[in-house]
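Below is one structure, written out as C-alpha cells; the observations come after it.
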Amino acid sequence: WSFVASDVDERSISSASAIARASRTPVELRLQPRGERVLAGVLGPLDGRVAFTLCNPPFYSSAAEEAAAAARKWKGLRKGRAAGGLGGARSFGGSDGELWCPGGERRFVTALVRESARAPHAALWFTSLVSSGRSLPKLLVELSRASPARVEQLGVATGNKAMRVLAWSFLEDAQRGERLAAML
C-alpha cells in the first residue's frame, strides 16, 4: 500500500516527513499550494488509483471560535475539581491552519464535495470527518447536489465526543469493486 498526504503548511509537511521516515512508512507528501483548495493541486491525473481520500478538516471558522470552544471544554473538565490549571490552552494540538479556516468545517467540506464532483474518478471513495452535528444536514444537501452514486455516514465516538465520517463515491458498487481489484 502507499499513502499520499497533503497540507497547506510547510512545517506540517516537514513534521510528517520526519515521522514517515522514522516509521519507514511509504508516504508521499504534497504541499497544497492554494489554501482555499482541498483536492485541486494535490491529486493529479495519475491519481485515479486512489482507493479513498481521508480529510480531517479545520473545525472552526476563526481563532476566536476555536478559543471559545477550548474555554468551554476546559470549564467543563474542571467541574467538580479545584479551579486553576490551563487557562487559555487549546483543547487539542494543531496549528491555526489545522484548527480553523474562514467558514470552518462546513465551508471546507463543501469545497471538498464540490471538488470531488469535478474529479469523480480521482478516488473510489471521498471521506471527511464531520465534528459538528449541525454541519451534517447542509453537507448532505451539498452532496445530493453533487449526485454521488453512494453516500455513507459512519458514527465515531471517543469519550463524550461523538463525530461522524461522511463518505461518498461517484462509482457504482460494481465499478468500485472492479477498480479496487485492479489496484491490488
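Would a scan of region 143-161 turn up a residue that is assigned to a strand (DSSP E or B), among the small types (Gly, Ala, Ser) and at pLDDT below 95? Yes; the residues of region 143-161 include at least one that is assigned to a strand (DSSP E or B), among the small types (Gly, Ala, Ser) and at pLDDT below 95.
Which ones in region 1-33 are assigned to a loop (DSSP other than H, G, I, E, B) and in contact (Cβ under 8 Å) with a residue 12 or more places away in the chain?
Quick first cut of region 1-33, residues assigned to a loop (DSSP other than H, G, I, E, B) only: 1-2, 8-9, 24-26, 32-33.
The answer is TRP1, SER2, VAL8, ASP9, THR25, PRO26, GLN32.
In the list ARG164, ARG106, ARG134, ARG176, which residue meets the criterion of being outside any loop (DSSP other than H, G, I, E, B) and open to solvent by 60 Å² or more (accessible area, probe 1.4 Å)? When all the criteria are applied, what remains is ARG106. For region 3-29, the set of residues classified as surrounded by 15 or more Cβ atoms within 10 Å (Cβ to Cβ) and among the charged types (D, E, K, R) consists of ASP7, ASP9, listed by residue number. If you go through region 109-131 and keep only what is part of a strand (DSSP E or B) and open to solvent by 20 Å² or more (accessible area, probe 1.4 Å), you end up with TRP125, LEU129.
The values are calculated or read from the model by the stated rules, or taken from the named source; none is laboratory data. None of these values were measured; they are calculated from a predicted model. Cβ sites come from the backbone with ideal geometry, for glycine too, and all protein chains shown count toward neighbours. These accessible areas exclude ligands, DNA and RNA; they are computed on the full protein's heavy atoms, side chains included. Shrake-Rupley method; radii C 1.70, N 1.55, O 1.52, S 1.80 Å.
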